[in-house]
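Where a number appears in this text, it was derived from the coordinates with a stated rule and is not lab data. All figures in this text were calculated on a predicted structure; none of them were measured in a lab. Ideal geometry is used to build each Cβ from the backbone, glycine not excepted, and the neighbour counts take in all protein chains shown.
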Amino acid sequence: MTKKVHLKYQEDRMTSKFWLKGFNVSAVAGTTLGLLMPVLPVLAVAPSSNIAEDSSFAQSEELMIAQSGCARATTREQFTTDTYNVFICEDGNGDYFYQGINRSNGDLINVYGVTFTDSGYYMATTSDSSGNEYTYMVGESLDVYENGELIWTEPTY
C-alpha cells in the first residue's frame, strides 16, 4: 500500500513553519533586521579611524587609558604631580622608559634609556629635531631640563 502525501503541505512544513520556543524565527529575524537597518548606513559611511579621531568620547577614553600608564608594558614606578602622571615602565625586552602624561589633556611623552641616579631619581634624556636636549628627572619631584637649564619643577606625591 502506498501513502500519498500532499506536496504543498510538506513544502509549507519545511520552509515557513519553523518555530523556536513559541516564536516564528522568520518574524524575529525580520524584526531584528528592521530595527538595525536605520543604524547600518551610519556605520558604513564613516570610517572608524575618523570617528575615533574626531570624537570627544574617544579622546576622553584615550585620556583614561593614558592616565592608567604603561600600556603594553609593566609599571615599575608611578609618580603624580598636580599636572602630570609619570610612570617608569619596562617593556617586553626588559628596557625601561619614562612616560609623562599631562593630566588635563592626555598629551604624553615616552623616553627610552631610563637610568637611576645616586640621589634616588629616575632620569631619561631625549632631544628634539632642533637639537635641544631634554632631561626628565623624577623622584621627590618632577624636574625637566632643556639644554641643562631647569624649565619645570613640581613636587610628586
Under a point spin-label approximation (7 Å from Cα along Cα-to-Cβ), what is the TRP152-ARG76 distance to one decimal in nm?
2.2
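In debye, nearest 20: dipole of the range 84-157 around its Cα centre with unit charges on the Cβ of K, R (+) and D, E (-)?
180
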Per residue of the range 71-85, what does 6.51 cos²θ - 1.76 cosθ + 1.60 with θ = phi - 60° give for ³J(HN,Hα)? Whole Hz please, x for Gly and Pro, Karplus curve as stated.
4, 6, 8, 9, 6, 9, 8, 9, 10, 10, 10, 5, 9, 10, 9
Under a crude label model (7 Å from the Cα following the beta-carbon direction), how far is ASP91 from ASN132 in nanometres?
2.5
